[in-house]
Amino acid sequence: MGVTLRTAKLVPALKLLGVIVLIVAGLAIPSTLGNAYLLAAAVVILNYAVCATGWNFMGGFTGYISFGHAAYFGLGAYGTALLINRLGMTSFLAVAVAVVIVSLTAIPVGFAALRLRGASFVIATIAFVLIVLLVAQSWSSFTGGSSGMEAPRPFPGLLRPEHHLRFYYLYLGLLAVALLLWWLIDRSQFGMRLKAIREDEDKARALGVPTTEYKLVAFVLSAAFTAAAGGFYALWFGDLDPVFQFSILLGAYMVLMALVGGIRSLFGPLLGAVLVGFALEYFKLNYGDTQIHLTATGLLLVLVVLFMPDGVIPGVRDLLNRRLRRGETSIREQTAQELLDSQRARTEDSESDLEPTVNGARG
């Protein structure tokens, strides 16, 4: 029992220590990278982390698996570029306005798509991103078509490493906001009802949860953070290509990263983004335009599904819990043992109290 209580008290302290270490590591990473390429790769991984965490507002809380979130990433990127080029907005104001527009667009899309479940919902999300891709490629007078579009950089006087460094910290701040909001929702009544939808939507509706409205809020939040990542990408990279910005493969990466890390945990998508993003950059750097990076990420997913079906973080947590609890007895068993020992002690005390009386009677 004492070991169990000590373990229970130790877990929050370890979690807090882990968060502090994560913050310090995130702030210190740029100083450890030796060149501009590695810093740019770190920016790409943070972009993936924001996208995967944004996706997790929908997938993690409600269990709805969307492969079409690349549509919101692309709309955020193109919306930012169009607002700067056509309306002359400042860079970060354009990102904020683009996020609002994408969020408003996600309301009717989500209202229609969330009437479906399972494979039907997945197919609907894929269809949506294909439609948006087709529009972006065909409407060349507005979007630039297959030639793409350019977004002016917000820091034109900076050298490339300094430019990457600023966007590293911008993405890190956006990721921190997304993680904080996910953590707050996870511990709120709203989050509990979303998780009730994930476990059994019909039962949650029968208990009075307005499932459609709750799912829609999660869907819009998810689209907003994904669009913000797209807007930052437009300002960072500058050149937009509809084939990449609205790629189904990008949506699949978001799902893969969240699944690898663990969609029901706060830092699962972040860990998945680091693992998958690093693997993608490594294989692209060493093997060029071959498709080996797809094979590697697919193999990673197979390994996680086979050995840690809930993701790396839940799998490691369960393993540690089993090791900590090995050899311990339950509270019920310890309580029963304590009661037995106390009863035994009382019996021995009563017998010792009676012994002089008995001896006196014999005398």
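Structure above, values below:
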| read-out | value |
| --- | --- |
| Helices (runs of 4 or more DSSP H) completely within the range 153-230 that count 3 or more residues being in contact with a Phe, Trp or Tyr (Cβ under 7 Å, 6 or more places away or on another chain) | 160-186, 189-199 |
| Criterion violated by THR62 - all others in (1) in contact with a Lys or Arg (Cβ under 6 Å, 6 or more places away or on another chain); (2) closer than 24 Å to LEU285 by Cα satisfied | (2) |
| LEU275 being surrounded by fewer than 22 Cβ atoms within 10 Å (Cβ to Cβ) and either over 15 Å from ILE45 (Cα atoms) or touching an Asp or Glu at 6+ places or on another chain (Cβ under 6 Å) (or both) | no |
| Criterion violated by SER140 - all others in (1) closer than 19 Å to SER247 by Cα; (2) touching a residue at least 12 places away in the same chain (Cβ under 8 Å); (3) more than 25 Å from the chain's Cα centre (by Cα) satisfied | (2) |
| Subset tally (residues that are under 19 Å from SER66 (Cβ atoms) and in a helix (DSSP H, G or I)) for the range 240-290 | 22 |
| Which listed residue is out of contact with any helix residue (DSSP H, G or I) (no Cβ under 6 Å at 6 or more places or on another chain) and either at negative phi or at pLDDT 95 or above (or both), from LEU249, LEU270 | LEU249 |
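The values are calculated or read from the model by the stated rules, or taken from the named source; none is laboratory data. In this text, all values refer to a predicted model and were calculated from it rather than measured experimentally. Reconstructed Cβ throughout: ideal geometry from the backbone, glycine too, with neighbour counts over all protein chains shown.
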